[in-house]
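Everything on this sheet refers to the single structure shown next.
The values are calculated or read from the model by the stated rules, or taken from the named source; none is laboratory data. Given the structure is predicted, the values throughout are model-derived calculations rather than measurements. Note: ideal-geometry Cβ built from the backbone for every residue, glycine included; neighbour counts use all protein chains shown. Surface areas here come from the heavy atoms of the whole protein model, side chains and all, with no ligands, DNA or RNA. Shrake-Rupley method; radii C 1.70, N 1.55, O 1.52, S 1.80 Å.
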Amino acid sequence: MKPYQTAEIRNVALLGQAGSGKTSLLEAIAFETGVIKRKGTIEDGTTLSDIESEEIAHHRSTTMTMTTVPIDGGKLNLFDTPGSSDFIGEVIPAITGSELVVLTVSATDNLGPDVERLWRLAEEAKIPVVLFITKLDRENADFERTVDAIRTSLTSRISLIDIPLGNETSLRGVADVLFETTVTYDSGSKSIGQIPRDLEAKEHEEHEHLVEDVIEEDDALMERYLEGEEPNPDTVETLLAERFRARKVFPVICGSSTKQIGIDILVKYLLEIGVAPKEEGRAKDLLAQVLKTYIDPYLGKISLVKIFKGALIPDETCFNIRRQAPEKIHTVFQKVGKDISNLTSACEGDIVFVSKQVNLSTSDTLASSLDQAPLPEIALPLSTYSVVVTAENKADDEKLFSTLLKISEEEPVLSVKREARSHRIVCSGLGDTHISNVLEKVSRRAKVSASFQTPEIEYLETIEKSARAEGKYKKQSGGHGQYGVVDLVVEPLARGQGFEFIDEIVGGAIPRNFIPAVEKGVVEAMESGGPNGYPVVDVKVRLVDGKYHPVDSSEMSFKVAGALGFRTAISNANPVVLEPVAHVYVTVPIRYQGDVLGDLSSKRAQVLGTQNDHEDLVTVQALVPEAELSGYTLHLRSITGGRASFSATRHGYQALPNKPK
């Protein structure tokens with residue numbers, strides 16, 4: 001593959017709700033540009049993008065992939081992304097690596113909440129967006145309805161670049177609104193013609209809208225236009241590019257990936273008005289970031305890297321800023337499906353794969369020297385859906401855990417840990433579909449079958465007043481016996497203070513060498529649970545007196561005595577159960593704010609406030625008992641039509657009004 005200059009590169013993220021045609025569009029672009037000679041299909045599992053077995057089996061993308069498409073005058077690095085909100089963690093790295101978004105909108109489906117969420121992500125990243133209306137050759141396709149939905153749900157600042165000739169199975173081409181000609185496609189060939197009479201009025205109306213939208217900020221041009229002078233189409237196209245790059249206009253192109261209609265027009269506009277990566281002049285120092293990590297069964301660990309400055313060259317050494325360690329780059333390559341092309345270098349702005357970099361992780365910064373500032377970490381969503389994962393065969397438990405950890409390297413939004421007390425495996429992701437997909441990968445890669453269920457809440461116990469008790473352990477069974485007596489006082493500590501042990505023994509009531517055993521017995525009793533069966537926290541224990549026997553006393557006897565005395569004391573100190581509380585941020589369209597607030601109130605939430613983040617969005621902050629958040633990811637989708645999102649972090653503990661069952 002020939003080397004490219006930064007100005008020739010277009011990094012493009014294909015976004016859209018599930019089933020809107022992103023994967024088929026990438027296939028059509030690769031076919032249009034001659035990269036492939038035959039298009040694959042999602043149904044057959046033969047597309048360039050869907051390479052995971054789970055994607056092929058379910059006919060949906062679950063992993064972000066990148067395909068490089070060389071074309072005359074440059075190349076496209078195309079990200080194909082999942083459309084479901086459960087896999088939004090795969091979308092954000094694609095946006096991070098792109099300067100341009102193509103948002104696919106199906107002409108046969110309604111605009112769902114996922115489209116609105118993807119639109120907001122592009123808006124937050126300040127990336128220009130081209131909208132491509134797909135599936136116009138399908139039954140029930142409706143171009144006008146789709147355009148109206150875009151204007152209503154996304155933005156009114158759209159400009160139609162073309163409109164369809166025909167509809168559904170009769171779709172045969174498009175009318176070019178800018179140049180006021182038609183492009184008709186027939187069996188791989190295309191012809192240019194005149195606008196049909198039945199479409200003249202509609203085409204002329206959209207032509208006027210396009211011209212006015214583009215020239216409205218050029219006073220001189222607008223004045224001549226109002227006087228009847230039509231701007232040159234090339235001038236309009238130049239101004240369109242400027243306004244598009246400034247996100248003041250969003251072009252709408254239409255077509256069919258199946259019939260290859262409009263694909264050439266999309267490619268043309270991606271090259272001509274699309275944004276090239278930003279150049280840093282003559283910067284020689286390397287600055288690059290890992291966008292995504294893959295585990296390939298043959299190549300091992302692969303990292304997808306965006307070069308922000310300098311060049312990435314095989315066999316040269318750079319530095320991993322996170323690890324503060326050198327990183328020798330091995331193979332640098334690009335991919336079209338499973339086909340690999342090795343590169344001798346990759347320039348600023350390019351996105352490439354590197355292999356065998358075992359120490360690289362997603363978001364890592366590669367630089368020429370250790371004193372360079374790292375790039376900001378990719379802002380991945382926090383995991384909000386937690387489950388306990390159990391292997392069907394207990395003997396596979398460790399194999400299950402290690403496989404999940406490997407998958408979490410590929411999917412940083414997946415959190416994997418073991419519970420401290422039960423040692424069960426807890427996985428946190430973005431929804432039940434996400435977790436199910438992960439377990440399918442486990443089954444395929446490690447041949448381990450597993451299931452998941454809601455985790456138990458991590459309750460604790462503490463005390464509300466002081467109490468004193470004696471712990472006595474006496475046992476005689478022939479020979480040396482066991483004897484130890486302790487006198488303990490327990491007192492409450494402030495929330496979050498943990499545990500404090502104070503030795504107040506005087507006069508040798510307990511020999512000094514047995515004191516640590518008393519403390520150990522107390523600690524073990526705290527961990528094993530108080531009267532309600534939960535670990536005890538925030539307690540001060542004072543050892544004030546005791547008795548020993550010169551022959552029968554031992555560390556064991558005082559350890560047991562300490563545990564017995566502690567259990568007796570806290571039972572008399574008003575023990576209470578503590579429940580974990582989460583600090584929750586719910587971002588929701590304003591029209592659903594009342595529903596969300598009412599629902600939070602029913603969950604014993606303490607609402608801290610609201611903040612308007614957008615003209616149509618509000619963020620609600622609240623403290624919510626974690627027991628009330630079980631299944632909240634799915635519940636929130638239900639009450640808001642999938643249009644809300646939330647994050648939650650552990651805030652602390654509070655007394656539980658009633659003991660849990």
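Projecting each Cα onto the charge dipole of the chain (Lys/Arg +1, Asp/Glu -1 at the beta carbon, about the Cα centre), which of Val576, Gly562, Phe87 comes out farthest on the positive side?
In the chain, that residue is Gly562.
Put Thr640, Thr235 in order of accessible area, largest first, 1.4 Å probe: what do you get? Could you put the intermediate results ahead of the total?
On the way: Thr640 0, Thr235 55 Å².
These residues rank, largest area first, as Thr235, Thr640.
Calculate, for Met222 and Leu405, the FRET efficiency according to 1/(1 + (r/R0)^6) with r their C-beta to C-beta distance and R0 60 Å; round to the nearest 0.05. Working shown, then result.
Values: r = 61 Å, r/R0 = 1.01.
With R0 = 60 Å, the Cβ-Cβ based efficiency is 0.50.
Given a Förster distance of 30 Å, report the FRET efficiency between Glu377 and Ser443 from their Cβ-Cβ distance, rounded to the nearest 0.05.
Working: r = 31 Å, r/R0 = 1.04.
My answer for the efficiency is 0.45.
For the range 48-174, rounded, prolate or oblate, judged on the Cα gyration tensor with a ≥ b ≥ c (square roots of eigenvalues), a/c < 1.5 rounded, else prolate if a/b > b/c? Write down the numbers at each step before the final one.
Details: a/c = 1.40, a/b = 1.31, b/c = 1.06.
Rounded shape, in that the Cα axes give a/c under 1.5.
With each pseudo-label sitting 7 Å past Cα toward Cβ, what's the Ser571-Asp186 distance in nm, one decimal?
9.4
If I stretch the segment between Asp44 and His480 completely, what's the gain in nm (0.36 nm per residue apart, minus their alpha carbon distance), one decimal? Write out the running numbers ahead of the final one.
Working: separation 436, 0.36 × 436 = 156.96 nm, distance 7.81 nm.
Length difference between fully extended and current span is 149.2 nm.
With +1 on the Cβ of every Lys and Arg and -1 on the Cβ of every Asp and Glu, and nothing else charged, how large is the dipole of the chain about its Cα centre, in debye rounded to the nearest 20?
Working: 72 positive and 98 negative charges, 746 e Å.
For the chain, the charge dipole is close to 3580 debye.
Could you list log10 I(q)/I(0) for the chain at q = 0.06, 0.07, 0.08 Å⁻¹, which the Debye formula gives when each Cα is one point scatterer?
Debye output, listed in q order: -0.47, -0.60, -0.73.
Answer rounded, prolate or oblate for the range 8-112, using the Cα gyration tensor with square roots of eigenvalues a ≥ b ≥ c: rounded when a/c is under 1.5, else prolate when a/b is larger than b/c, else oblate. Don't skip to the end; give the middle numbers.
Details: a/c = 1.55, a/b = 1.20, b/c = 1.30.
Since a/c reaches 1.5 but b/c is at least a/b, the shape of the range 8-112 is classed as oblate.
Assign one of three labels to the range 230-287, namely rounded, prolate or oblate, based on the Cα gyration tensor with a ≥ b ≥ c the square roots of its eigenvalues; rounded applies when a/c is under 1.5, prolate when it is not and a/b is larger than b/c, and oblate otherwise. Show your work: numbers first, answer last.
On the way: a/c = 2.77, a/b = 1.48, b/c = 1.87.
Judged from the Cα gyration tensor, the range 230-287 comes out oblate (a/c at least 1.5, b/c at or above a/b).
For the range 327-483, what number results from the quotient of the Cα radius of gyration and 2.2 N^0.38 Å?
Normalised Rg, Cα atoms only: 1.66.
Angle check, please: helix 593-602 long axis (alpha carbons) against the longest principal axis of the chain (alpha carbons), in degrees 0 to 90, nearest 10.
With both axes taken from Cα atoms, the answer is about 20 degrees.
Identify the residues of the range 98-117 with backbone N under 17 Å of a label point that sits 7 angstrom from the Cα of Asn140 along the Cα-to-Cβ direction, or state none.
105-113
Over the chain, with the other protein chains present, what is the accessible area per residue in square angstrom, probe 1.4 angstrom?
On the way: 29500 Å² over 661 residues.
That works out to 45 Å² per residue.
If one takes the longest principal axis of the Cα atoms in the chain, at what angle in degrees, from 0 to 90 and to the nearest 10, does the Cα axis of helix 233-245 lie?
10
Of all alpha-carbon pairs in the range 497-594, indicate the percentage at a distance above 19 angstrom. Intermediate values should be presented prior to the final figure.
On the way: 2429 of 4753 pairs.
In whole percent, the long-distance tail amounts to 51.
At 7 Å along the Cα-to-beta-carbon direction for both His583 and Asp595, put a label point, then send me their distance in nm to one decimal.
2.8
Probe radius 1.4 Å, ligands and nucleic acids ignored: give me the carbon and sulfur share of the accessible area of the range 204-326 as a rounded percent.
48
So which GluC sites (Glu not before Pro) in the range 439-539 end up in coil per DSSP with only 11 or fewer other C-beta atoms within 10 Å? Let's see the in-between values first.
Values: sites: Glu440, Glu456, Glu458, Glu461, Glu464, Glu470, Glu500, Glu504, Glu519, Glu524, Glu527; in loops: Glu456, Glu458, Glu464, Glu504.
Those satisfying the criteria are Glu464, Glu504.
For the range 42-95, which GluC sites (Glu not before Pro) are both in a DSSP coil and crowded by at most 14 other Cβ atoms within 10 Å?
Details: sites: Glu43, Glu52, Glu54, Glu55, Glu90; in loops: Glu43, Glu52.
Taking the range 42-95 and a limit of 14 other Cβ atoms within 10 Å, the loop GluC sites (Glu not before Pro) found are Glu43.
Nearest 5 is fine: what % of DSSP beta bridges in the chain come out antiparallel, could you say? Kindly include the intermediate steps, with their values, before the conclusion.
On the way: 112 of 140 bridges.
Given both bridge residues lie in the chain, the antiparallel proportion sits at roughly 80 percent.
Determine the calculated [θ] at 222 nm for the chain from helices alone, applying -39500 (n - 2.57) to every DSSP H run no shorter than 4 residues and normalising by the residue count; nearest 500 deg cm²/dmol. Show your work: numbers first, answer last.
Numbers: 15 runs with 179 residues, N = 661.
The helix-only estimate for the chain comes to -8500 deg cm²/dmol at 222 nm.
State the answer as a single residue: which of Ile463, Gly496, Ser443 lies farthest towards the positive end of the charge dipole of the range 443-502, with beta carbon charges of +1 for Lys and Arg and -1 for Asp and Glu, about the Cα centre.
Most positive-ward Cα: Ser443.
Mind ranking Tyr632, Tyr298 by accessible surface for me, highest first, 1.4 Å probe?
Numbers: Tyr632 5, Tyr298 200 Å².
Sorted by accessible area, descending: Tyr298, Tyr632.
Along the Cα→Cβ direction, 7 angstrom out, place labels at Glu123 and Gln194. What is the inter-label distance in nm?
Rounded to a tenth, the inter-label distance reads 4.4 nm.
Just to verify a number: FRET efficiency for Met556 and Ala395, C-beta to C-beta distance, R0 = 35 Å, to 0.05?
Values: r = 34 Å, r/R0 = 0.98.
Rounded to the nearest 0.05, the efficiency is 0.50.
Highest first, please rank the peptides 103-114, 387-398, 617-628, 209-220 by the mean number of other Cβ atoms sitting within 10 Å of their residues.
103-114, 617-628, 209-220, 387-398
Compute the helix-to-body angle for 197-215: its Cα long axis versus the longest principal axis of the chain, expressed 0 to 90° and rounded to tens.
Tilt relative to the chain: about 60 degrees.
Which one, Gly166, Ser189, Leu178, projects farthest toward the positive side of the charge dipole computed for the range 158-243 from Cβ point charges (K/R +1, D/E -1)?
Ser189
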